[in-house]
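Taking it in order: structure first as C-alpha cells, then the write-up.
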Amino acid sequence: MTTPKVHVKKGDTVMVITGKSAGKKGKVLEVIPGDQRVIVEGANIVKRHTKPSKKVPQGGIMEKEAPIAASNVMIYCNRCHKPVRIGKKILDNGNKVRICRKCGEVLDK
C-alpha cells in the first residue's frame, strides 16, 4: 500500500487555520505522511515531564511541538500575506512547481 501524499513539504511556511493554535504562522519542521500530520514551529506546544538523563541532565518540564493534522494548515503566501490554496504549473524547462492560486507567485524555491 502506498503512503498518502501531504500538500505541504518540510521548510514550507504555513498558517494553522483551526484548533488551539489557529492563526499561528510557522515553518514545517517535519512531515509524517503515514499519519497525514505535520509538525509546525511554534504551534501546538505541549509540555512533557522528563526524567534526568545524559541528554537532559536536569530533567524537568520540557516544551515541544506536537504533530497537527495536515488538513489544519494552509500554505502561507508571502506576496498575498495570507494562507492560500495551491496549484501546479509546468515551467518552460519542464519543471513542475507549486503556485499561489490568488496571485500566481511560485511557492517552490
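The values are calculated or read from the model by the stated rules, or taken from the named source; none is laboratory data. Predicted model only: the values in this text are computed from it and were never measured. All Cβ positions, even for glycine, are placed from backbone atoms using ideal geometry, and neighbour counts span all protein chains on display.
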* Test each condition in (1) surrounded by 11 or more Cβ atoms within 10 Å (Cβ to Cβ); (2) part of a strand (DSSP E or B) for residue 49 and report the one that comes out false. => (1)
* So is residue 84 without any contact (Cβ under 8 Å) to a residue 60 or more places away in the chain and either farther than 27 Å from residue 36 by Cβ or under 17 Å from the mean Cα position of the chain (by Cα) (or both) or not? -> yes
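Residue by residue, here is whether (1) of a type outside the set (S, T, N, Q); (2) out of contact with any strand residue (DSSP E or B) (no Cβ under 7 Å at 6 or more places or on another chain) holds:
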site	(1), (2)
54	yes, yes
62	yes, no
66	yes, no
70	yes, no
73	yes, no
77	yes, no
85	yes, yes
95	no, yes
98	yes, no
* Asked: Is it true that residue 61 is surrounded by 14 or more Cβ atoms within 10 Å (Cβ to Cβ), part of a strand (DSSP E or B), among the aliphatic types (A, V, I, L, M) and free of Cβ contacts under 8 Å to residues at least 60 places away in the same chain?
  -> no
* Sort through 86, 68 and tell me the only one that's under 17 Å from residue 9 (Cα atoms), surrounded by 13 or more Cβ atoms within 10 Å (Cβ to Cβ), out of contact with any Ser or Thr (no Cβ under 6 Å at 6 or more places or on another chain) and at pLDDT below 95. => 86
